[in-house]
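> The structure under discussion is supplied below as structure tokens; questions concerning it will follow.
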Amino acid sequence: MARKTRSTLADPSRVVPASGFSALLTGATAAAMAFLAVFALALSMASGQLAERWSQTLAQTATLRISTPPGEIADQTATVLEVLRTTPGIASTRVLESDEQRALLEPWFGPDLPVEALALPRLIEIIEAPEGFDAVGLRLRLAAEAPGAVLDDHTHWRRPLVQAAGGLRMLAVLSVVLIAGTMAAMIALAASASLAANAQVIRVLRLVGAQDRFIARAFVRRFALRGFLGAALGTALALAGILLLPAAQEAGGFFSELGFHDSGWLVPLVIPPLAGLVAWAATQATALRVLKRDV
């Protein structure tokens, strides 16, 4: 009996049973939370990358719209092109053809839209030079020389996209924090149940001189390992699910791009160590709190 007690004191992890309801609950909780965390990160990163790509695409372009009576549109177009040609910071300009305008309107009105019969404005695509151009000065020149021309430098499109990317990143951080908190609460419940189930063993250890920190270390070690292994399993399953998603296609929409890219695949690898740390902290706090009372 004394030899068995000394062996138990030498290896505190033997205090906690290797299997049981608490072990299943801890592992399953860690796996489920890690699975959700991976998809939350994937959704956030895909949304942020999409918003940033759209913003960069719009950053070096502008559109000029000429709305005048049909008889004046040719003269207005020539005047506008001359103004753009002499404006510093503009690399090139291009007048959109009727077929291109039809393609722009096709998602809303279908492929049979009679563009020639409609009084559509003339659209000019502007490609900026790397140094950019003075949008305020260009608007003033257009107002004086071509009153029917309206410049759109896409600022009101880019700003919401940048804000959306930042908001999605904050949402991902908040989601991971909530997932970690839920996991900590579930593991704390499992640790409390395991302490209660081993109350008799803990009383015996106290009789032979074991301190509460020694007993708590046994639970912390075992539950932290279960949290890490469960989170590793959940992360692996989530990454496998993401790899099985259809490859990104030009017309596939947002969800075809859900996933990680390049070094982004390393981000989910921090989830298992983080889950182990959460399990360690939750079990440590729970064990010390419960052991202060009579178990």
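> Which numbered condition trips up residue 214, out of (1) modelled with pLDDT of 75 or more; (2) farther than 25 Å from residue 289 by Cα?
The one condition residue 214 does not meet is (2).
To keep it simple, each residue is scored yes or no on (1) open to solvent by 50 Å² or more (accessible area, probe 1.4 Å); (2) within 20 Å of residue 277 (Cα to Cα); (3) modelled with pLDDT of 80 or more; (4) small (Gly, Ala, Ser).
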position: 166; (1), (2), (3), (4): no, no, no, yes
position: 178; (1), (2), (3), (4): yes, yes, yes, no
position: 185; (1), (2), (3), (4): yes, yes, yes, yes
position: 191; (1), (2), (3), (4): no, yes, yes, yes
position: 199; (1), (2), (3), (4): no, no, no, yes
position: 245; (1), (2), (3), (4): yes, no, no, no
position: 255; (1), (2), (3), (4): yes, no, no, no
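> What pairs come out if I take residues in region 17-41 that are modelled with pLDDT under 80 and pair them with residues that are of a type in the set (S, T, N, Q) whose C-beta lies under 6 Å away, six or more apart or interchain?
Filtered contacts from region 17-41: 22/194.
> Report, ordered by the first and then the second residue, all pairs with beta carbons closer than 6 Å, sequence separation of six or more or different chains, a first member in region 125-153 that is farther than 16 Å from residue 96 by Cα and free of Cβ contacts under 8 Å to residues at least 40 places away in the same chain, and a second member that is surrounded by 15 or more Cβ atoms within 10 Å (Cβ to Cβ) and not aromatic (Phe, Trp, Tyr).
139/151
> Something else: Filter region 156-203 down to the residues that are free of Cβ contacts under 8 Å to residues at least 60 places away in the same chain and among the aliphatic types (A, V, I, L, M), then identify the one that is farthest from residue 34 (Cα to Cα).
170
> Take residue 86 and tell me if it is of a type in the set (Ser, Thr, Tyr), at pLDDT 85 or above and surrounded by fewer than 14 Cβ atoms within 10 Å (Cβ to Cβ).
Working: of a type in the set (Ser, Thr, Tyr): yes; at pLDDT 85 or above: yes; surrounded by fewer than 14 Cβ atoms within 10 Å (Cβ to Cβ): yes.
Answer is yes for this residue.
> Taking residue 61 and the conditions (1) surrounded by fewer than 18 Cβ atoms within 10 Å (Cβ to Cβ); (2) at pLDDT 85 or above; (3) of a type in the set (Ser, Thr, Tyr), which numbered condition does it fall short on, given that it satisfies the others?
Every condition holds for residue 61 apart from (2).
> A follow-up question, please. Taking the conditions exactly as written (open to solvent by 40 Å² or more (accessible area, probe 1.4 Å), closer than 27 Å to residue 76 by Cα, in contact with a helix residue (DSSP H, G or I) (Cβ under 8 Å, 6 or more places away or on another chain) and not acidic (Asp, Glu)), does residue 141 satisfy them or not? Quick ask: steps written out before the conclusion?
Numbers: open to solvent by 40 Å² or more (accessible area, probe 1.4 Å): yes; closer than 27 Å to residue 76 by Cα: yes; in contact with a helix residue (DSSP H, G or I) (Cβ under 8 Å, 6 or more places away or on another chain): yes; not acidic (Asp, Glu): yes.
Taking the combined requirement at face value, the residue satisfies it.
The values are calculated or read from the model by the stated rules, or taken from the named source; none is laboratory data. Being a predicted model, the structure only gives us computed values, none of them experimental. Virtual Cβ from ideal backbone geometry, glycine too; neighbours counted across all protein chains shown. Quick note on the areas: whole protein, heavy atoms, side chains included, nothing else; ligands and nucleic acids left out. Shrake-Rupley method; radii C 1.70, N 1.55, O 1.52, S 1.80 Å.
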